[in-house]
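See structure below.
The values are calculated or read from the model by the stated rules, or taken from the named source; none is laboratory data. Small disclaimer: the values here were computed from a predicted structure and weren't measured. Neighbour counts are summed over all protein chains in view; Cβ atoms, including those assigned to glycine, are modelled from backbone coordinates with ideal geometry. For accessibility, only protein heavy atoms count, side chains too; no ligands or nucleic acids. Shrake-Rupley method; radii C 1.70, N 1.55, O 1.52, S 1.80 Å.
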Amino acid sequence: MFGLTIGAILYLVSIGFAITFGTMKVINFAHGSIYALAVYFFMTSLPYVKNNFVVSLLIGIALVIPLSYLIEKYIIRYLYGESVHYAIIATYGVLFSTTDTIKWIWGTNPWPIIVPTRASIQLFDVTVPLYRIIIIGAAVAIFIALHLFFKKTIAGKVIVAALDDSVGVRCLGIDQFKYFSLVFVIGSALAGVGGILYSPIAAAEPYMGFRFVLLAFAVTLVGGMGNLTGAFISAFSLGMLIAMTARVLPRLSEMMVFVVMAVVLLLRKEEYE
Amino acid sequence: MSILSVNFIDVFYSSAQALHGVSLNLNKGEFAFIVGRNGAGKTTLLKTICGVLNCKNGSIVFEDREIQNLRPEFLSQRGIRFIAQERRVFQSLTVKENLELAAFASGVALSETIRTAIEIYPQFEKLLNQKAGKLSGGQKEILLIVRALTGNPKLLLIDEPTEGLASIVIDDIYKLLEKMRGSVSAIIVEQNLNLVTQLADRIYPMKEGKIVKEITDRSEICNVKELEVYL
């Protein structure tokens, strides 16, 4: 169950990263900033809403949406069509700045966050915490919602078309950047959801964005650039890998993700050249 | 009446110059063909007119307004449509969804676009729900042309529409282009001289990033032997 929970969180965090990478060819490490800020906004707002988890989650997401829009408008948009190195440097800069801002405002100590429900349910012979089932359910629901978004809406179809032929979309007269902004914001909001849902399990700390954005990077590469179903399968597979490795060699559990990433990169060298 | 004039444009890929002072003229309803060997700058010229590439010097005038270095989405809305060489349909989408995006971009009803597509190529009726990536090369080319024709554009820029296609499919494309004559202007890069001589109102042979000459005389246009020199 731990593996599926981690997989669900990895999916939520990486899907926005995967879309940005797949459509705009931009490696966006600022995604980690949004992930971390959503958690800090969430935990700060908790006392003001009588510790109502859902209301605080909505506040956290609502606050990171304009921030992600600003990042897209004033940083990412200038990196479309440029070398990925510029994007890595620029967005890593954002991640560093955000992390230092978090340290400055909230301090460096980890903040534990209370699990919203301690209820559990019995599945065959296993007792499963309800909260983890909620996380997995949220990831599956978002996967289905995103699938419908890309299949049924014009905005979704424009993005899929841009993945196939960006010049073709532009030459039809469609301003694809408008749709990229929308998808960028959706992806960032989902990273925020992932961060907030995971915070009661892992606590909030300033460097959480760094850790998860690298995992999101690995999930995206393993799943295939721009392959949204691939990202889903990759996230859950790597989540299970982390959980299984953690049982035997706890210190190496996250490292295994990057080993898999390296192997995939070697096998699909041409795709990423 | 001139619809497009390209005046002394220079285009660079980084520091390498691809087009050297290229000029051409196209009248409303005319078909101009560009012929030349690989690397002559034919595709670069089309990409520059439609805004995919920028030119460093010179001007491009479309319907009496300078349009050089404007974005392709803006130029498409003004009626310039580019069909690239690689037959890159939106392969993950169905034929219907490809048409849907064209209809959406042009503000035309999808039903009307589908009707036109079926009129042009009746086989599309059975292929509407098929992934565009699974179409044959000729069907992809026809889909791209139909997509570009949605919303009544004024100028089509088509890059090698018959390259690598079987002669029976080339016939279909010829018929489609023949049907379009007069209703839309077009600049077409093409190596198939039979097609060129039958459809061209003017021909611009290109060599090493330059236009070598302008051929408008009918007897010269039909002189395949002379044109072969440029291929």
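Before moving on, here are some points about what is shown:
- Each residue of the stretch B:92-97 was assigned a 3J(HN,Hα) from its phi angle through the Karplus curve 6.51 cos²θ - 1.76 cosθ + 1.60 (θ = phi - 60°); the sequence is 7, 9, 6, 4, 4, 5 Hz, with glycine and proline shown as x.
- Interface size B-A, as summed buried accessible area [1.4 Å probe, Å², nearest 100]: 2000
- Direction-averaged projected area, Cα convex hull, chain B: 12.0 nm², rounded to one decimal.
- The largest-to-smallest principal axis extents of the Cα set in the stretch A:95-176 are 54, 46, 15 Å.
- Based on Cα contacts under 8 Å between residues 6+ apart, chain B shows a relative contact order of 28 percent.
- Using a cut-off of 18 Å between Cα atoms, the listed pairs A:Lys157/A:Lys178; B:Lys28/B:Lys154; A:Lys25/A:Lys178 include none that exceed that distance.
- Directionally averaged projected area (the stretch B:1-101, Cα convex hull): 7.6 nm².
- Dmax and Rg, reported as Rg then Dmax, of the stretch A:153-198 (C-alpha, Å): 13.0, 42
- Check: the stretch A:140-262 dipole with +1 on Lys, Arg Cβ and -1 on Asp, Glu Cβ, in debye: 160
- Where only C-alpha atoms are counted, convex hull volume of the protein assembly as shown per residue in Å³: 176
- Entry note, chain B: the mean residue ellipticity at 222 nm calculated from DSSP H runs of n ≥ 4, each adding -39500 (n - 2.57), is -10000 deg cm²/dmol after division by the residues and rounding to the nearest 500.
- Average accessible surface area per residue within the stretch B:78-168, 1.4 Å rolling probe, Å²: 42
- Computed per residue of chain A from DSSP H runs no shorter than four, each worth -39500 (n - 2.57), the mean residue ellipticity at 222 nm is -25500 deg cm²/dmol.
- The contact residues of the stretch A:142-168, meaning those that lose at least 50 Å² of 1.4 Å-probe accessible area when all protein chains sit together rather than their chain alone, are A:Ile154, A:Lys157, A:Asp164, A:Asp165.
- Per-residue HN-Hα couplings for the stretch A:126-133 [Karplus 6.51, -1.76, 1.60; θ = phi - 60°; Hz; x = Gly/Pro]: 10, 8, 10, x, 4, 4, 5, 5
- Using Cβ point charges alone (K and R +1, D and E -1), the dipole size of chain B about the Cα centre works out to roughly 380 debye.
- Debye, to nearest 20: dipole size of the stretch A:62-125, +1 on Lys, Arg Cβ, -1 on Asp, Glu Cβ: 160
- Of all accessible heavy-atom area on the protein assembly as shown, the percent that carbon and sulfur account for (1.4 Å): 59
- Estimated vicinal HN-Hα couplings, Hz - the stretch B:77-89 in sequence order (Karplus 6.51, -1.76, 1.60; Gly, Pro = x): 5, 7, x, 9, 10, 10, 10, 6, 5, 7, 6, 8, 6
- Percent RCO, i.e. relative contact order, over chain A, from Cα pairs under 8 Å lying at least 6 residues apart: 39
- Of the three principal axes defined by the Cα atoms of chain A, the extents in descending order read 55, 41, 35 Å.
- Distance from the Cα centroid of the stretch A:195-273 to that of the stretch A:4-20 is 9 Å (rounded to whole angstrom).
- Separation between Cα centres of the stretch B:94-130 and the stretch A:91-117, rounded to whole Å: 50
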